[in-house]
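The structure under discussion appears below in the form of structure tokens.
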Amino acid sequence: MLKIKCPLRGFSLIELLVTIGILMIVMLSIYGMFEIAYKTLRSSGAKIIAIQLANQQMEILRNLSYANIGTTKGWPHGEIPSSQIITKNGIEFTIQITPTYIDDPFDGIIPNDTTPSDYKKVEVKVSWNKFLGKPIFLVSTFSPKGVESASNSGTLFIKVFDANGIDVPQASVYVENTAVDPDVIINAQTNNEGLLQLFSLPVSLGKYHIEVTKAGFSTDYTLPSNPPTNPNPIKSDVSVVENLVTSISFSIDKLSSLNIYSVDENCQSIGNANFNFQGLKLIGADPNVYKYSQNQITNSAGKFIINNNLEWDTYIASLISPTSTSYSLIGTNPLQPFEIQPNTTQDFYLILKSKTENNLLVAVKDAGSNQPLSGAQVHLYKTGYDEVKITGFGSLRQTDWQGESGQENFIDQTKYFSDNGNIDVINVPGEVSLLPLIGQPTGQFREEFENTIYEDISQTTAEWDIQEHEVRLKYENEKYHSSDVVQSLKINGATNRIIDRATIAIQRKLNGQTIDLFLSADGGVHFEPITPGQSHDFINSGYDLRWRAILRTDDLQKTPVIEKIILNWRYSGTYPVYGELVSSTFDVGNSTVNYGNIFWQPGAQTPNCGVDCLKLQIATSAIPSPVTWEFKGPDGTSNTYYTNSNTAINIIHNNNRYFRYKTFFFTQDTNYSPILSDVFLSFTTACSIPGQVFFSSLQDEIYNVEVNMPGYQFFNDTVDISKTNKLEIPISKNE
């Protein structure tokens, strides 16, 4: 029997999902095509209606008399609204009418043509915001019947250019005069040459008010006389004179942004600072009336933003109450007055300090360019006062250490982090030196060879026998060495006191042989021969005492023996040999920092202390509390030291916000100590005040002021603090 099997079977779930997905893609594509077609049809329909409306407006204009062709609020004046909205088929259309007078060259052009309004040109614009489409424009001209004749009118030319004198096309110009009948109200734009020509305006003296602007640009305008607030405007409302051309120019340019910060010397924010911000452009004189002058206040984070709303100009800022009663303005960055160029974004820092009286802000400038000079040393002094500051640099400074050690961060300016115990910060206020020694004038040591603690195994060849408690020649191959050396390590515990005299006693068995004894006070660099029981004054004194013995024999079956060594010595001098001090952590307040130079006083030490007896190293960190502070010298390694005041700090420290210094004190003559009275570090950040320094808490007296800048002529003069708190000093370059 023949059997036929049916191949039909059910769809799997995956096949069903794929099929549905394909159907959805096809359906969405079809829907999209329908939607595009619908929008295209609607857009075409809107365009047809717009053309009809434009033609309708043009027909209305053609049926008007020449005198009435114009707009009800504009110029030329007429009977047609300058703007109207009409709804057709659910679409909102905007119709704008722009008439202008045309000066035709056939009879000459202004100023030779005293009646330049030869005919009118009218532009009709129809736009809509639904169903995208370009606006419809229709333009037509209208001529008067008969020959043109003179009239009681004049011409106004308005020229618009930017900060560089370049023409500004399509600038918006608003002209208003309500002193004539009918009112003249014109909204127009400059042409591609930045020019707007307005013909046949009614004659009027000083009544045409003009405002010029453009999206994203500043505004320039005329003003009426307005006693007493502005009795003498710089740019007054203009006149139109019969049969004459009045020309006036305006300057506008792109607006700028300014971020204003109120901070202290270390770039830490000072919130809610009240200040006046003023441009130097005038809109009135006698008295001066400034175009921009506003009182403002920074926010709680010390910031105020003027966002795309600031005209190019030269500006100054000053503190006002209540901030001015709590803070002094010690400088600005950039130096003011400062310029803002068009279409820029700039930062401006008000550097504040707690209010003090009798202050002096000194600004040093290049006499030729009038630019601020950073790096100039300004020396202000009189009897009982002497201070030097460097323009353009912030500073970290410490002049007092009497608060002693234990302070992690530099908060109390009289404290520091640590020292090695050999530092004196108390005896002389404002000075650091080695600590004068008290007691322990002598020392004693006994070596009985019960252990090898003090054996210098690198130098000893003799037999150091702790079983027999003795030292003898080494015995090898059934005989003694003819000569051996035994030497100790450092035996005195003190590391900070000079040993200048010592005595050695020895308990020994010579057995007919010899033992020669030596002592060294400088750690074994120089061993000097010594006679047992006799006091020895060291030629080479030091603070590392060691003994040495040479054992010799002429009979290799015999050896001399040392059973005990006793040493007595005397310390000399007033001070220890070495001391060190580590500062607390300074915070410059900003991670973007460039370190300048390090200074200290006094710059020269007494020669008795030796060469480089006071020197420093520097450590910086991006975080306030690193695991270790790595102190380094001018070559950027730990192997060198800053040995001269006013030395440039290695650039490896730049952009590290936190800083410490370490001071090393040495002396070759322990009767003298190095002295430190001032540590000063310069740096620059965004909060550094270029070309400026600030002196505070002065007296109402006359001070001497000197300015020294490499490559520039030296300046010196006097300043009376009772009469001035700001001094600008221009200096000239050397010829």
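The values are calculated or read from the model by the stated rules, or taken from the named source; none is laboratory data. Computed from a predicted structure; not experimentally measured. Every residue, glycine among them, receives a Cβ derived from its backbone with ideal geometry; neighbour counts consider all protein chains shown.
Evaluate the stretch 579-602: report whether one residue or more is over 44 Å from the mean Cα position of the chain (by Cα), in contact (Cβ under 8 Å) with a residue 12 or more places away in the chain, assigned to a strand (DSSP E or B) and surrounded by fewer than 21 Cβ atoms within 10 Å (Cβ to Cβ). Checked against the condition, which is being over 44 Å from the mean Cα position of the chain (by Cα), in contact (Cβ under 8 Å) with a residue 12 or more places away in the chain, assigned to a strand (DSSP E or B) and surrounded by fewer than 21 Cβ atoms within 10 Å (Cβ to Cβ), the stretch 579-602 yields no hits at all.
Residues that are at pLDDT below 90 and hydrophobic (A, V, I, L, M, F, W, C) were ranked within the stretch 391-411; the one that is surrounded by the fewest Cβ atoms within 10 Å (Cβ to Cβ) is LEU396.
Among the residues making up the stretch 417-445, those that are of a type in the set (S, T, N, Q), more than 35 Å from the chain's Cα centre (by Cα) and surrounded by 13 or more Cβ atoms within 10 Å (Cβ to Cβ) are ASN420, ASN422, SER433.
Residues checked against (1) touching a residue at least 12 places away in the same chain (Cβ under 8 Å); (2) within 21 Å of ASP220 (Cβ to Cβ); (3) part of a loop (DSSP other than H, G, I, E, B):
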site: PHE277; (1), (2), (3): yes, yes, no
site: GLN294; (1), (2), (3): yes, yes, no
site: SER300; (1), (2), (3): yes, no, yes
site: PHE304; (1), (2), (3): yes, no, no
site: ASN309; (1), (2), (3): yes, yes, no
site: SER321; (1), (2), (3): yes, no, yes
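Residue count for the stretch 615-646, restricted to those that are surrounded by 16 or more Cβ atoms within 10 Å (Cβ to Cβ) and either closer than 25 Å to SER677 by Cα or not small (Gly, Ala, Ser) (or both): 14. Considered as a group, the residues in the stretch 79-103 that are in contact with a strand residue (DSSP E or B) (Cβ under 7 Å, 6 or more places away or on another chain) and acidic (Asp, Glu) include one that is surrounded by the most Cβ atoms within 10 Å (Cβ to Cβ), and that residue is ASP103. Just to be sure, is LEU64 part of a helix (DSSP H, G or I) and modelled with pLDDT under 80? Here the answer is no, as LEU64 does not meet what is asked. The residue that is surrounded by the most Cβ atoms within 10 Å (Cβ to Cβ), among those in the stretch 662-693 that are among the polar types (S, T, N, Q) and in a loop (DSSP other than H, G, I, E, B), is SER673. The requirement of being in contact with a Phe, Trp or Tyr (Cβ under 9 Å, 6 or more places away or on another chain) and either modelled with pLDDT of 95 or more or within 24 Å of VAL577 (Cβ to Cβ) (or both) is fulfilled somewhere in the stretch 679-687, by at least one residue.
Per the listing ASN704, ASN708, the residue uniquely farther than 15 Å from VAL364 by Cα, in contact (Cβ under 8 Å) with a residue 60 or more places away in the chain and surrounded by 14 or more Cβ atoms within 10 Å (Cβ to Cβ) is ASN704.
On inspection, ILE729 qualifies as among the β-branched types (Val, Ile, Thr), farther than 30 Å from SER583 by Cβ, more than 23 Å from the chain's Cα centre (by Cα) and surrounded by 19 or more Cβ atoms within 10 Å (Cβ to Cβ). THR414 meets the conditions (1) touching a residue at least 24 places away in the same chain (Cβ under 8 Å); (2) surrounded by 14 or more Cβ atoms within 10 Å (Cβ to Cβ); (3) of a type outside the set (Phe, Trp, Tyr) in every case but one. The failed one is (1).
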